[in-house]
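Participant: Quick one: the structure is below, questions incoming.
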Amino acid sequence: MLQKALIFLAPGFEELEALAPVDVLRRAGVSVVSAGVSADPSGLVSGAHGVKVQCDIALDDVNPKGFDLVYFPGGMPGAANLAAEERCLEAARAIYAAGGLVCAICAAPIVLEAAGLLDGQEYTCYPGFEKRISHGRYTGKFIQRSGRILTACGPAAALDFALEILRASGASALASQLGSGMMRQ
């Protein structure tokens, strides 16, 4: 079971893709830490649709040690901002190397590509973004699990993706319980 998850938020992130998984993981008792990439001085990051989110920590304060999972929401230019930030890529590599889960949705698999984590992996993404990814094998599925790499195609997948993350962490019963409680069939 997951204990601690890290989510990166950069200007232009897709709000639904970011907040639905944070909500589900916290309902499951996972400590979720949000890190702001290019946050304003008070720690706020604006999403693609103008929703501002207060991040828990600044990018400079990120230490990937001790995290079981790193999560990258999509949205543009949010995903491109994440892919351009070396500290995000380093965190993805470190958490993966330590045996953790690495998750990306919508456009954010470009972050996994930039981190060099898609070699030999199956992945999905928002249609068209596979053209920006030269490694891995695009499946076009709604949600794709390939070992410890989990990807999803877009905003409509956010809730199911969060539940799949729980399943991938060994918490299938809890995922079913939470999904039922949220009226997810």
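Participant: Among Cys106, Cys125, Cys88, which is farther than 23 Å from Ala156 by Cα and buried (at least 23 other Cβ atoms within 10 Å of the Cβ)?
Facilitator: Result: Cys88 is the single residue among Cys106, Cys125, Cys88 that is farther than 23 Å from Ala156 by Cα and buried (at least 23 other Cβ atoms within 10 Å of the Cβ).
Participant: Okay, moving on. Among the residues of the stretch 152-173, are any in a strand (DSSP E or B), open to solvent by less than 20 Å² (accessible area, probe 1.4 Å) and under 14 Å from Tyr71 (Cα atoms)?
Facilitator: Yes, there is a match, as at least one residue in the stretch 152-173 is in a strand (DSSP E or B), open to solvent by less than 20 Å² (accessible area, probe 1.4 Å) and under 14 Å from Tyr71 (Cα atoms).
Participant: On the given criteria, is Gly74 open to solvent by less than 50 Å² (accessible area, probe 1.4 Å), under 27 Å from Thr139 (Cα atoms), in contact with a Cys (Cβ under 9 Å, 6 or more places away or on another chain) and at pLDDT 95 or above?
Facilitator: Criteria met by Gly74.
Participant: Right, here's the next one. What number of residues in the stretch 3-29 are buried (at least 21 other Cβ atoms within 10 Å of the Cβ) and either in contact with a Lys or Arg (Cβ under 7 Å, 6 or more places away or on another chain) or in a strand (DSSP E or B) (or both)?
Facilitator: Of the residues in that region, 6 qualify.
Participant: Residues Leu2, Leu101, Leu59: which one is modelled with pLDDT under 95, over 19 Å from Pro155 (Cβ atoms) and touching an Asp or Glu at 6+ places or on another chain (Cβ under 8 Å)?
Facilitator: Just a single option satisfies the conditions, and that option is Leu2.
Participant: Hey, Gly66 hits all of (1) in contact with a Lys or Arg (Cβ under 8 Å, 6 or more places away or on another chain); (2) in a loop (DSSP other than H, G, I, E, B); (3) without any contact (Cβ under 8 Å) to a residue 60 or more places away in the chain but one; which does it fall short on?
Facilitator: (3) is the only condition that Gly66 fails.
Participant: For the stretch 30-50, what are the residues that are out of contact with any Phe, Trp or Tyr (no Cβ under 8 Å at 6 or more places or on another chain), open to solvent by 10 Å² or more (accessible area, probe 1.4 Å) and of a type in the set (A, V, I, L, M)?
Facilitator: Of everything in the stretch 30-50, those that are out of contact with any Phe, Trp or Tyr (no Cβ under 8 Å at 6 or more places or on another chain), open to solvent by 10 Å² or more (accessible area, probe 1.4 Å) and of a type in the set (A, V, I, L, M) turn out to be Val32, Ala39, Leu44.
Participant: Still on this structure: Quick one: which of Leu82, Leu69, Leu118 is in contact with a His (Cβ under 7 Å, 6 or more places away or on another chain) and either within 22 Å of Leu159 (Cβ to Cβ) or open to solvent by less than 50 Å² (accessible area, probe 1.4 Å) (or both)?
Facilitator: Matching residue, one of Leu82, Leu69, Leu118: Leu118.
The values are calculated or read from the model by the stated rules, or taken from the named source; none is laboratory data. A quick note: this is a predicted structure, and the numbers were derived from the prediction, not measured. Ideal geometry is used to build each Cβ from the backbone, glycine not excepted, and the neighbour counts take in all protein chains shown. Heads up: the accessible areas ignore ligands, DNA and RNA and are worked out on the full protein's heavy atoms, side chains in. Shrake-Rupley method; radii C 1.70, N 1.55, O 1.52, S 1.80 Å.
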